[in-house]
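Bear in mind that the values in this text are calculations on the coordinates, not laboratory data. This is a predicted model, so every value here is computed, not measured. Neighbour counts are summed over all protein chains in view; Cβ atoms, including those assigned to glycine, are modelled from backbone coordinates with ideal geometry.
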């Protein structure tokens, strides 16, 4: 996935990430019903990478992130993303 985020203070951040989603029975049932899953229902991991030229968010360019995801009702996803220190 690739996208662009605009922050509340007008900065733009480019994000791209790769990941894995285990297509198990709970995921397939949720997709069929357009419902959601919990984080522990499947193996859904991602490694987002952020890029920006805005000095306030320059720390994003120098950080490593990992995340876990879940399905959200209506064919959306929700992530919990953590910065590794």
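Descriptive notes on the structure:
- A Förster distance of 25 Å, applied to the separation of the beta-carbon atoms of residue 34 and residue 66, puts the FRET efficiency at 0.35.
- Multiplying the residue separation of residue 4 and residue 24 by 0.36 nm and removing their Cα-Cα distance gives an extension gain of 4.2 nm.
- Debye log10 I(q)/I(0) at q = 0.13, 0.18 Å⁻¹ for region 37-85, Cα point scatterers: -0.39, -0.64
- Distance distribution P(r), the chain, all Cα-Cα pairs, bin width 5 angstrom from 0: 3, 14, 21, 20, 16, 12, 9, 5, 1 percent.
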